[in-house]
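Worksheet for the structure shown next.
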Amino acid sequence: MTARPTGETPARPRSDRVWTVPNVLSALRLLGVPLFLWLVLGPEADGWALCLLVVSGITDWLDGFLARRWDQSSVLGQLLDPIADRLYLLAVVVGLALRDVIPWWMAVLLPLRDVLLWGLVPILRTRGYSSLPVHFIGKAATFCLLYAFPLLFLGESDSSPAVLARVFGWAFAIWGIALYWWAGILYAWQVRRLVHTTPRRSAAT
């Protein structure tokens, strides 16, 4: 998979689609973000919040699978999927931090990486790119984190299953944070290499 310059026009059947099943699933995931926050911070309906996280994880896998299986990849889908991932992570860490389930350093550390990477976008645009391919490590990090937070939710009580859930939840969280930042460092390194190997694009092109 290679990055695509912003000026390059992709194949029309793969870029102009909007109403596809994968895009609808990604849009539904986005709509679930404010619902999750309300469930966690309003009525504190943790059971329903957990169910929503599980459904989000399933649709996250399903929209990518269906996009490949049914040849329904699109530019919109490539934007919606990572946006939904990051908004869910942000909503979860903020919700859990406000409920004192996780420390605030964790709630700050995860979005901080994304803020730093967003700062690289103007540099990419000087080379005619809007983004670079998502690395497998980034997907693995998201996978770990989306498992970690439901387990940390389940680990809130003092029962034996809750203690086990808490142990596994923190294990997934630590690995997820490490992989999340590792993927960010690799992305920054790709940007650095692109800057040194790709000539600056003039404003007229």
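Kindly express, to the nearest 10 degrees and within the range 0 to 90, the angle between helix 160-197's C-alpha long axis and the longest C-alpha principal axis of the chain.
In the chain, helix 160-197 runs at an angle near 10 degrees to the longest axis.
Put +1 on the Cβ of every Lys and Arg and -1 on every Asp and Glu Cβ in region 97-205; which of Ile174, Ile123, Val163 then has its Cα farthest towards the positive end of the dipole?
It is Ile123.
Could you give me D for region 114-173, from Stokes-Einstein at 37 °C and 0.692 mPa s, where the hydrodynamic radius is the Kirkwood radius over C-alpha pairs? Units µm² s⁻¹, please.
Once the numbers are plugged in, D ends up at 239 µm²/s.
Pairing the Cα long axis of helix 21-41 with the longest principal axis of the chain, what angle in degrees results, from 0 to 90 and rounded to the nearest 10?
40
Rounded, prolate or oblate for region 43-89? Axes are the square roots of the Cα gyration tensor eigenvalues, ordered a ≥ b ≥ c, and the cut-off for rounded is a/c under 1.5.
oblate
Leaving ligands, DNA and RNA out of it, report the carbon-plus-sulfur percent of the accessible area of the chain at a 1.4 Å probe.
On the chain, the fraction of accessible area on carbon and sulfur atoms equals 70 percent.
Among [x] 9, 34, 37, 19, 2; [y] 8, 27, 27, 24, 12, 2, 0; [z] 8, 30, 33, 20, 7, 1, 0, which is the computed P(r) over Cα pairs in 10 Å bins from 0, in percent?
Here P(r) over Cα pairs in 10 Å bins from 0, in percent agrees with entry [z].
Once amide H atoms are placed 1.01 Å from N in the peptide plane, what residues at a sequence separation of 5 or more from Tyr129, or on another chain, have their amide H within under 5 Å of its amide H?
For Tyr129, whose amide H was placed from the backbone, the distant partners under 5 Å are Thr6.
Keeping every protein chain present and rolling a 1.4 Å probe, give me the accessible area per residue for region 54-205 in Å².
On the way: 8570 Å² over 152 residues.
Heavy-atom accessible area per residue stands at 56 Å².
Compute the relative contact order of the chain as a whole-number percentage, counting only Cα pairs closer than 8 Å that sit 6 or more residues apart in sequence. Please report the intermediate quantities before stating the final value.
Details: 221 pairs, mean separation 50.0, N = 205.
About 24 percent, as a whole number.
Give me log10 I(q)/I(0) at q = 0.13, 0.20, 0.21, 0.23 Å⁻¹ for region 65-179, Debye formula, one equal scatterer per alpha-carbon, no solvent.
Taken in order of the listed q values, log10 I(q)/I(0) reads -0.61, -1.12, -1.18, -1.30.
If one takes the longest principal axis of the Cα atoms in the chain, at what angle in degrees, from 0 to 90 and to the nearest 10, does the Cα axis of helix 104-118 lie?
For helix 104-118, the angle is close to 10 degrees.
The values are calculated or read from the model by the stated rules, or taken from the named source; none is laboratory data. Computed from a predicted structure; not experimentally measured. Every residue, glycine among them, receives a Cβ derived from its backbone with ideal geometry; neighbour counts consider all protein chains shown. SASA here: full protein model, heavy atoms, side chains in, ligands and nucleic acids out. Shrake-Rupley method; radii C 1.70, N 1.55, O 1.52, S 1.80 Å.
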